[in-house]
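One structure below.
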Amino acid sequence: QTLLSTADLQPSFAMGGRVFFGRRDPEGCGFEVGYFGAYGMTAERSLAGAENLQLAGPLSTFVLPFQGADSVVSSYVSNINSAEFNVLKSCCSTNGCSNCRQDCCIDWLGGFRYVSVEESIGLDFTCCTNVPIGPFSSRYAVLTSNNLFGGQVGGRARHSWANWAVEGWGK
């Protein structure tokens, strides 16, 4: 019977950062550099037994502690990093409304993006805590690191009224 699976791990909410810097000349041409990251999305779950827990599949045929474990702790960690560089061309119009300062801008952009997703999941087995020669422990872990490099195109639109604005983008 399966007592613990990957579906049982619920990663926590993680904090991150987003920073952008850019410049635009009077003709509406410019650039922007940006970074986004979310770090330390973690989850952990543990089980306790009486030398009756084991890893499923072919690894369970190995020697202790993958079979006959007293406890198992499953852990997951994920980090996301994204950086981009874009050049842009702005098309803005201002209506003649003197008291509401209404305007609309569309920025067309193209550039380069890098995205990194790193994840690790592990199972820590402990066996034979009640035996004079124990305890034994072992870790089964899987680590992944995915990197994406590529070009991007997109746009951003902004419509503002006095002290309020609505902005949306797609890349």
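The values are calculated or read from the model by the stated rules, or taken from the named source; none is laboratory data. These numbers were taken from a predicted model, which means no experiment stands behind them. Please note: Cβ atoms are built from the backbone with ideal geometry, for glycine as well, and neighbour counts cover all protein chains shown. Areas reflect the complete protein model, heavy atoms only, side chains present, ligands, DNA and RNA absent. Shrake-Rupley method; radii C 1.70, N 1.55, O 1.52, S 1.80 Å.
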Filter the range 142-156 down to the residues that are of a type in the set (Gly, Ala, Ser) and open to solvent by less than 50 Å² (accessible area, probe 1.4 Å), then identify the one that is farthest from residue 82 (Cα to Cα).
155
Residue under question is residue 98, and the condition is that it be at pLDDT below 90, open to solvent by 70 Å² or more (accessible area, probe 1.4 Å) and within 30 Å of residue 23 (Cβ to Cβ); does it hold?
yes
Going through the range 1-25 in order, the residues found to be without any contact (Cβ under 8 Å) to a residue 24 or more places away in the chain and open to solvent by less than 70 Å² (accessible area, probe 1.4 Å) are 5, 17, 25
Given the residues 115, 73, which is the only one that is at pLDDT 85 or above and within 13 Å of the chain's Cα centre (by Cα)?
115
Can you run down the residue pairs with Cβ atoms below 6 Å, 6 or more apart or on separate chains, where the first is in the range 26-42 and open to solvent by less than 20 Å² (accessible area, probe 1.4 Å) and the partner is not in a strand (DSSP E or B)?
38/14
Restricting the search to the range 52-65, which residues are open to solvent by less than 80 Å² (accessible area, probe 1.4 Å), over 30 Å from residue 117 (Cα atoms) and modelled with pLDDT of 70 or more?
53
